[in-house]
Structures are given as C-alpha cells and as structure tokens.
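Trainee: I'd like to ask some things about the structure below.
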Amino acid sequence: MMDIATTNTPAIVVTASRAKESADDTPASVSLIDADRIDRLGMPSVADLLRLVPSAAISASGPAGSLTDVRIRGAEANHTLLFVEGIRANDLAAGNIPRFELLNADLASRLEVVRGPQSALWGSEAIGGVVAVSGDAFGQTRALVEGGSFGTWRGAARASVGTADQSASIGIATQRSDGIDSFDGHGDHDGFRNAALRGSGRMSVAPGIALGGSGFALWGKNQFDGFNPATFQHDDTLDQSRNRLAAGRVFVEAGQRESRYVTASASLLGSSNRNYLDETFLNRTDAKRRTLGLEGGLHLGEQMLIAALEDERETFEARDDLYFGATDQGRIRRHQSLTLEWRAGGLGPVSGGVALRHDIFSRFKDATSLRASIRGALGGGFSLAGSYGEGIGQPSFFDLYGFFPGSFAGNPSLKPESSRGGEVSLRYRGSRAGAALTYYRQQLRQEIVDVFDPSTFLSTAANSDRKSRRQGVEVEADYQPTEHVRLTATYAFLDASEPSVAGGLVKEQRRPKHSGSIALDGTAGRLSYGASIAYVGAHVDTDFGSFPARRIRLGAYWLAGAQFAYRLAGPLEATLRVANAFDDDYQDVVGYRTEGRSVHAGFRVALGR
C-alpha cells in the first residue's frame, strides 16, 4: 500500500472503510495523492494524476478533453466507482462511467484510490476499485493562471476557512484548448473547454450536532472525430459533445465519530449529454439519481460496528432528432441497500474487518456482497495483509433499453455483473521509506458484452456465460530522505483475459500488461518542483473502421512531465510546466491521435501552507 502523501505523518483514508482509518493500518490496497504533490506536479486533469497509481490504465480517445476511461486492475471502465466531495458521481446518462475528462485537477487537493472489489461497502460499480476526489483542508487559498502550447489556457481559484467544527470551502476552475486534429493530423483541430465548481461546509449547531453539505458542478464541450454517417467509417468529422454533471448533498450528524454517531443524508445528482454534428443537434441523454441515507456507528473498545441504509431512485431519458425520435425513451428504477461493517482492533498485532451488503433492486434479482480483510504486524516495520472482496455492476439504462435503428437494440433481460477476488500483500513501513508487494486475482461473471447478429446486422447486449479472469502483481515504493523531498515508484503486471467468440480466451483491450511510474516532488528555498514519468506497455485495441473489425496492437510509450515554480515575492510564484517531455507519439485508442510535447507558463498565488 503506497502513501503518495507523506512518509512520516500518518495519512487517513475514508474509502477503504465506511469510517476513517490510518493508511498504514488498513488491509486494503490504497494510494493517496495529497495537495502538495498535486500542486507541485501541476497536471491539469485527475486522469493525468491517476497514471501514478499502480494498475490504473488510462485510455483517452484523442487529445486533452476527449472521452477518458480509467480501468483499475483490468476491470471495465464502468467498474470504477467515483466519489466527488463524498457524492457518488458515475454518470447515469453515459452508461454509468465516471466522466474523468471533465474532472479538473485544479479543484482537487486529495485523491484516494482503493483497488479491488468494494461493493460490500459502496455497492454497484465498485468492481475494479473506488476513486475519491475531495477539496481543500482548512485555511488554504490558491489561485493560478497558465497558458501554453496548442492554444491552452487554464485558470483556477480555491479557498477554505475554519476548523474541524466550523468550516467552508469553495473552488472554481476552467480550462480550454484549441487541440490538434485527432484523426490524421491534416484536418480541423479538435479542442475542448470545461469549467468546474465545488464547495463544502460544516457547522456545529449544538453540542454533538452538526449540519453540513457539499456539491459540485462540471461543464464540458469537446470536439472529436467520429464516424462518417454515410460510410460508417472513422473520419475527420465535426462531431462535438456538450456535457453537464452536477450534484449536491446535505447531512445532519449527531454524536461523535470517535464514540457513537448517527448521520442522515440526502443527495441529488443530475447529468446531461448532448451530441452535435457541425452544430446540428443529433441526440441527448439526461438522468437523475436521488439518494437518501442513514448511517450509524458504535465504538466498543477497539471494535467498531457500522450500519447503513440507503434508498436510491434513478431516472433516465433519451431524445433524438437523428432518427426522428425512434430512440426516445424514459425509464425509472429504484433500489435499497443495507450495509453492515465490523472493524476489529486491539487483537495484538492483528486487525481486520468484515463488511456485508444486501442490495434490493426493482429491476433485477437481489444481490449480497461480502468483503473480509485482515492485517498482521510481523515486526521490524513489516506487515502482511490479505482480503477477499465481491463486486456487482448494474446494467446501464442503455444496455437495457437503448435503441439505434439498424445498429443496436437493448436487452431488458440483462442481469447485474458480479466479481469476486482476493489479494495478499507484504508491506514495509519505516520512518523514511516504505514498500509493498501485492498479488491479486479476480473473476468477472455474467459480464455484459455486445453480441452481433450477422443475419440482421443488429447488435445487442447479453450476459456472457463464461468468466473473465484478471490477475496481477503490484510493486510500490516510496522514499523521503528529508522533509523537502519525496520519491515514489510503482510497477504493475496484469494478465487480463475474456472469453472469445471462437472459444478460449483473448487478451482484454486497452489494458497494458506492463505499466509503472516514477514521481518526485519537493522544495528548495524559493523553488518548488514536481516531475513524473509513466510507462504504458503495449496493448491491444479493436479497429472498428474496417469491416470486419480487427484487433490491433498499440505500442508502448513513456509519458514524462515536470513543473517548476519560483517564488517571486510573498505568495506570488512563476510557474513553468512541460507535458509529454519526450514528445512521444502514442495512442491510447486506435485511430485517435494525442498531443506531442507542450510547454506552459503562468503565475500562481499560494497562501496557508
């Protein structure tokens, strides 16, 4: 378990359990990226930062701002569960995927990634892992402006005040770029623009009673090269999408987290995705998720019991002009869940826990998920951890009911996907260094796959009757020789396969067998710096621009970047950043080009740290 935050101050994680715990004590495989590293590296998107996390495969369908998928430990893109400011943020209107291309890193001061199935704690989509993005700690103010290659501009400001009992935080950020031609380099440029807003607050209204809330809003416009409507071939088209995702959560909490507490909460998320061809409207999807929650916790010495109830209502709507309304639909579904978690400590060198969740679906058979973990201290800074976890994934509204004339018809008889797997990890934590070696193995059952009928030339979604298998090894190390310098390194090996139509197993797409990263950040007088290099091994993809579609091998690449900030006077700093420093020519998705080397300069103001 790698702590990218710091090596001599215990970090706290909140997604490896339903209660806070020390990163050094949790049996889960967790990676943390703190505000200092985020600021020093200067990367513009959360997806860029996730390249530093072992077993996280990033697939961008073109230049910055394009559709970006994150696959953890070989799982599917919609098997990563995303939380933003404590709110479940997967996009119902886009196949339950997290919209990482809309996530502006300038609003984030902390990233948590928990790898492996976590549905016993968090429910559907938590098959590959969980990513949590949150804002500032108390008493910090940041502002920046930056411009550079490809007509890129970036601006952000965020501030927070208060204490643990009374606090408020707010942030706003925007980015834009003229981009490049993602098709063949000779057509129109495919640019993007986005804007993001986030906020949170907490207020004690009486002894032991607190009110609070959080929220975020993301807007994005992305130009891309799609498929020619006449030839059905990938072409230099004038496609564009306009996306909005917004959510809010309020809560009231009684008691103290350190002894006993009860929390009641309500949240609402809405999303909208609109597609255009040269400003001509094609279609749109809209969705909402309303969630009511009640959670209580009780400490019994070194033991802790947590129980949580949730009621969720989801709505989906699709409209189109392209097919004269033939794809229109409106759907509603509900589900409830009960989660129980027991965490055990005070058993000498051993700690662990068990979580059990039961989901009651209105459209599917009910499901129960289990997670059990244990960690034992071996002495001398060494420990051994192991866990078993199960995951579930609801079919998306499009999988169930989607329809495109002449190409796709949904399958309302689909069942949820299910996963199970385990891991074992040997870890070391010293005063200045740490390391971990982890082996994991998972199986995915009833995987939802596209099935093509050659007699009708229609595709549909179906549950596979065979298993997909994933196993791998993760190696992590961190070293902090002084309080001013931090170094981390990761390597991941992945063997991911799925059943072939012809029988047997084939390699999963867009998942490199080998990947890794090295990152360095620190300060020296007036200078602060951050640098990283990520290696992405060769992987396969499918070229749908040919008939029949064929699998293609995409080559390995190195993605390096660095930022330097020099304090001019007081809190004012000048920044210089380079991305893709080696000018590597690479593709994450076949047929979609990405940017070469770019250089960016700007100014920022940093107060409070």
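No lab work stands behind these numbers, since they all come straight from the coordinates. All figures in this text were calculated on a predicted structure; none of them were measured in a lab. Neighbour counts run over all protein chains shown; Cβ positions are idealised from the backbone, glycine included.
Trainee: Once the other residues with Cβ under 13 Å from the Cβ of Met304 are scored (Lys, Arg +1; Asp, Glu -1), what is the net sum?
Mentor: -1
Trainee: Let a ≥ b ≥ c be the square roots of the eigenvalues of the Cα gyration tensor of the range 163-307; is it rounded (a/c under 1.5), or, if not, prolate (a/b larger than b/c) or oblate?
Mentor: Here the range 163-307 falls in the prolate category.
Trainee: Rounded, prolate or oblate, given the Cα gyration tensor of the range 390-431, with a/c below 1.5 counting as rounded?
Mentor: prolate
Trainee: Which order results if Met203, Met304 are arranged by neighbouring Cβ count within 10 Å, fewest first?
Mentor: The most exposed by this proxy come first: Met203, Met304.
Trainee: Looking at the range 338-418, which trypsin sites (Lys or Arg not before Pro) are in a loop (DSSP not H, G, I, E or B) and have at most 14 other Cβ atoms within 10 Å?
Mentor: Those that pass, being in a loop and sparsely packed, are Lys365.
Trainee: In sequence order, what are the phi-derived ³J(HN,Hα) couplings for the range 104-121 according to the Karplus relation 6.51 cos²θ - 1.76 cosθ + 1.60 with θ = phi - 60°, rounded to whole Hz, with x for glycine and proline?
Mentor: 7, 5, 5, 8, 8, 10, 6, 10, 10, 10, 10, 9, x, x, 10, 5, 5, 9
Trainee: Taking the Cβ of Ala156 as the centre, find all other residues whose Cβ is under 13 Å away and add up their charges (Lys, Arg: +1; Asp, Glu: -1).
Mentor: That works out to +2.
Trainee: Compute the relative contact order of the chain as a whole-number percentage, counting only Cα pairs closer than 8 Å that sit 6 or more residues apart in sequence.
Mentor: 13
Trainee: Right, here's the next one. When a/c is below 1.5 the answer is rounded, else prolate if a/b is larger than b/c, else oblate, so apply that to the range 12-607 with a ≥ b ≥ c taken from the square roots of the Cα gyration tensor eigenvalues.
Mentor: rounded
Trainee: What share of Cα pairs, in percent, lie more than 24 angstrom apart in the range 451-553?
Mentor: Within the range 451-553, distances greater than 24 Å cover 49 percent of Cα pairs.
Trainee: Testing the spin-label approximation: label points 7 Å from Cα along Cα→Cβ at Glu302 and Tyr566. State their distance in nm.
Mentor: Going by the 7 Å Cα→Cβ label model, 5.4 nm.
Trainee: Would you tally the net charge around Arg319, using a Cβ to Cβ cut-off of less than 12 Å, leaving Arg319 out, and scoring K and R as +1, D and E as -1?
Mentor: For residues surrounding Arg319, the net value is -3.
Trainee: If you don't mind, there's one more thing I want to ask. What FRET efficiency comes out for the pair Phe544/Ala524, r = Cβ-Cβ distance, R0 = 41 Å, nearest 0.05?
Mentor: So the FRET efficiency works out to roughly 0.25.
Trainee: So which of Lys415/Lys467; Lys288/Lys507; Lys20/Lys221; Lys221/Lys288; Lys415/Lys507; Lys365/Lys467 end up more than 26 Å apart, counting from Cα to Cα?
Mentor: Going by Cα-Cα distance, Lys288/Lys507; Lys20/Lys221 fall outside the 26 Å limit.
Trainee: Additional query: About the Cα centre of the range 361-512, how large is the charge dipole given +1 on each Lys and Arg Cβ and -1 on each Asp and Glu Cβ? Please answer in debye to the nearest 20.
Mentor: Roughly 420 debye for the range 361-512.
Trainee: Out of the GluC sites (Glu not before Pro) in the range 209-282, which ones are loop residues according to DSSP with at most 11 other C-beta atoms within 10 Å?
Mentor: Taking the range 209-282 and a limit of 11 other Cβ atoms within 10 Å, the loop GluC sites (Glu not before Pro) found are Glu258, Glu279.
Trainee: Which peptide among 507-513, 52-58 comes first, and what is the full order, when sorted by highest mean count of other Cβ atoms within 10 Å?
Mentor: Most protected by this proxy first, the peptides run 52-58, 507-513.
Trainee: Which trypsin sites (Lys or Arg not before Pro) from the range 518-565 combine a DSSP loop assignment with at most 13 other Cβ atoms within 10 Å?
Mentor: Here the trypsin sites (Lys or Arg not before Pro) that fit, given the DSSP loop and packing criteria, are Arg526.
Trainee: Next up: Which residue, Gln223, Gly376, Ala93, has the largest displacement toward the positive end of the dipole of the range 12-607 when charges sit on each Cβ (Lys, Arg +1; Asp, Glu -1)?
Mentor: Result: Gly376.
Trainee: Further question on the same structure: How large is the charge dipole for the chain, taken about the Cα centre, if only the Cβ atoms of Lys, Arg (+1) and Asp, Glu (-1) carry charge, to the nearest 20 debye?
Mentor: Computed about the Cα centre, the dipole is about 1360 debye.
Trainee: Turning to a different aspect of this structure: From the phi angles alone, apply the Karplus equation (6.51, -1.76, 1.60; θ = phi - 60°) to the range 400-410 and give each ³J(HN,Hα) in whole Hz, x where the residue is Gly or Pro.
Mentor: 7, 10, x, 8, 10, x, x, 9, 8, 9, x
Trainee: Can you put His299, His484, His539 in order of Cβ neighbours within 10 angstrom, beginning with the fewest?
Mentor: His484, His299, His539
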